[in-house]
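Read through the structure below, which is laid out as structure tokens, and then see the notes.
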Amino acid sequence: MLKAIIIDDEPNSRETLIGKLDLFCPELEVAGQGGSVQEGLDMIKEQEDADVLFLDIDLAGESGFDLLKALAEEPEAKHPAIIFTTAHDEFAIQAIKFSALDYLLKPIDPEELVKAVRKVESEKGLPKKASNFNVLVENIRQASDSPKKIVVPTSDGMHVIRLTDIVRLESSSNYTTFFLNGQKNLLASKTLKEFDTMLEGYSFLRIHKSHLVNVNYLKKYVQTDGGYLILEDGSRIPVANRKKEQLMTLLKNL
């Protein structure tokens, strides 16, 4: 049996979530609920064996991120897995994605809820990913519209990468290879499409179905042999025909 805490400043939202959990996730017991950051912190201390915290981002003048910051300041303290719940908030969702944490959009879809709970269940007993919380807190503190770091999941753990260190990404079936400036390559356990969506608007361009490049590392565009880019690390990246117009516009504006 999993134990959960729900922190949401709207009682109706809490009751709706409890009803969906009762119906679709009977293996989970709600051990406590509240509507503020302090109530959340108190419940986490009281319910030390809680497995998951459903945390609303907007908490009547406060933010669920404030609770996360408090948890991040006590890295050795035991805390549950966190699933954010939020209405559509582009920045919040982007920041959460960059940190490889989970979120549910309101109104919460039962299928997504079940998927999130099953993930918590499958990871029960594993060490919590403190790096994920720290990356989210740092990105929130630094700038409201420009995350500086991303958490990259690999077979051996979670790697925290600065966006400025990413030279390019290359598709490898259901995996993605990160080519980093002056660092060892990483094989991430997500598709290139997922990272393309995540990095859109952050100086990255999907130049080919198998390649996503950081435009800050562009060195030269060669029009012969079908057209290809040369990056600062010496790599040659083919340019898809349908991307050439977009590339030329980008080059003119650099």
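Given (1) under 20 Å from residue 120 (Cα atoms); (2) out of contact with any Leu (no Cβ under 7 Å at 6 or more places or on another chain); (3) not in a loop (DSSP other than H, G, I, E, B), where does residue 55 come up short, assuming only one miss?
Of (1) under 20 Å from residue 120 (Cα atoms); (2) out of contact with any Leu (no Cβ under 7 Å at 6 or more places or on another chain); (3) not in a loop (DSSP other than H, G, I, E, B), only one is false for residue 55: (2).
For the stretch 107-119, name all the residues that are surrounded by 16 or more Cβ atoms within 10 Å (Cβ to Cβ) and either out of contact with any Lys or Arg (no Cβ under 7 Å at 6 or more places or on another chain) or in a loop (DSSP other than H, G, I, E, B) (or both).
108, 116, 117 - these are the residues of the stretch 107-119 that are surrounded by 16 or more Cβ atoms within 10 Å (Cβ to Cβ) and either out of contact with any Lys or Arg (no Cβ under 7 Å at 6 or more places or on another chain) or in a loop (DSSP other than H, G, I, E, B) (or both).
Can you pull out every residue in the stretch 12-26 that is closer than 13 Å to residue 1 by Cα and touching a strand residue (DSSP E or B) at 6+ places or on another chain (Cβ under 6 Å)?
21
Being within 27 Å of residue 90 (Cα to Cα), surrounded by 12 or more Cβ atoms within 10 Å (Cβ to Cβ), out of contact with any helix residue (DSSP H, G or I) (no Cβ under 7 Å at 6 or more places or on another chain) and not assigned by TED's automatic domain parsing to the domain that holds residue 102 is true for just one of 193, 149. Which residue is that?
Criteria check complete, one pass: 193.
Under 21 Å from residue 132 (Cα atoms), small (Gly, Ala, Ser) and out of contact with any His (no Cβ under 9 Å at 6 or more places or on another chain): does that describe residue 172?
Spelling it out, it is not the case that residue 172 is under 21 Å from residue 132 (Cα atoms), small (Gly, Ala, Ser) and out of contact with any His (no Cβ under 9 Å at 6 or more places or on another chain).
Out of the residues in the stretch 55-114 meeting the condition of being among the aromatic types (Phe, Trp, Tyr) and in contact with a helix residue (DSSP H, G or I) (Cβ under 7 Å, 6 or more places away or on another chain), tell me which one is modelled with the lowest pLDDT.
This residue is 98.
Consider residue 200 carefully, then state whether it is among the acidic types (Asp, Glu) and out of contact with any strand residue (DSSP E or B) (no Cβ under 9 Å at 6 or more places or on another chain).
It is false that residue 200 is among the acidic types (Asp, Glu) and out of contact with any strand residue (DSSP E or B) (no Cβ under 9 Å at 6 or more places or on another chain).
How many residues, within the stretch 115-140, are of a type in the set (A, V, I, L, M) and at pLDDT 70 or above?
Residues meeting the conditions: 6.
Residue 45 versus (1) part of a helix (DSSP H, G or I); (2) within 24 Å of residue 158 (Cβ to Cβ); (3) at pLDDT below 90: which is the lone unmet condition?
(2)
Does residue 31 fit the bill of being more than 14 Å from residue 117 (Cβ to Cβ), outside any helix (DSSP H, G or I), more than 21 Å from the chain's Cα centre (by Cα) and at pLDDT 90 or above?
yes
List pairs: first residue in the stretch 197-216 and closer than 11 Å to residue 169 by Cβ, second residue of a type in the set (Asp, Glu) and part of a strand (DSSP E or B) anywhere in the structure, Cβ distance under 7 angstrom, at least six positions apart or on different chains.
That search, which allows pairs on different chains as well, returns 210/170; 211/170.
The values are calculated or read from the model by the stated rules, or taken from the named source; none is laboratory data. All of these numbers come straight from a predicted model, not from anything done at the bench. When we count neighbours, we look across all protein chains shown, and the Cβ atoms used for this are built from the backbone with ideal geometry, even at glycine.
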